[in-house]
Amino acid sequence: MANHKSSLKRIRQNDTRKVQNRYLAKTMRNALRDFRMLTDKKELTEKYPKLVSTIDKLAKLNVIHKNKASNLKSKISKQITAK
């Protein structure tokens, strides 16, 4: 167990951030799952900008890696063009 006051604070901060990051990542995964289930091209094009924005925000916050964000955006844009 940590003895310094700053170490104890860092542990509390890490726990808080871990919970928040997990929530954000899970929310993004659910949005991706829902997006992949869609079949209507009009609906896909409407939801695409919001999903890309969410992915970019998570990459900016380092919740997911920037290359993973790029790969995800590429895959969902391919889905739109395939329909």
Taking the stated definitions as given, is Lys68 within 17 Å of Lys26 (Cβ to Cβ), of a type in the set (Lys, Arg) and modelled with pLDDT of 95 or more? yes
Of all residues in segment 41-72, count the ones that are of a type in the set (Asp, Glu) and touching a residue at least 12 places away in the same chain (Cβ under 8 Å). 1
Quick test for you: out of Ile80, Ile64, pick the one residue that is surrounded by 13 or more Cβ atoms within 10 Å (Cβ to Cβ) and outside any helix (DSSP H, G or I). Ile64
Given (1) acidic (Asp, Glu); (2) under 18 Å from Asn71 (Cα atoms); (3) surrounded by fewer than 12 Cβ atoms within 10 Å (Cβ to Cβ), identify the lone condition not met by Asp15. (2)
Those residues that are over 11 Å from Ala31 (Cβ atoms) and in a helix (DSSP H, G or I), I need them from segment 49-61; list them, please. Pro49, Asp56, Lys57, Ala59, Lys60
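The values are calculated or read from the model by the stated rules, or taken from the named source; none is laboratory data. The structure presented is a predicted model; accordingly, all values stated were derived computationally and were not measured. Positions of Cβ are generated from backbone atoms using ideal geometry, with glycine treated the same way; all protein chains shown enter the neighbour counts.
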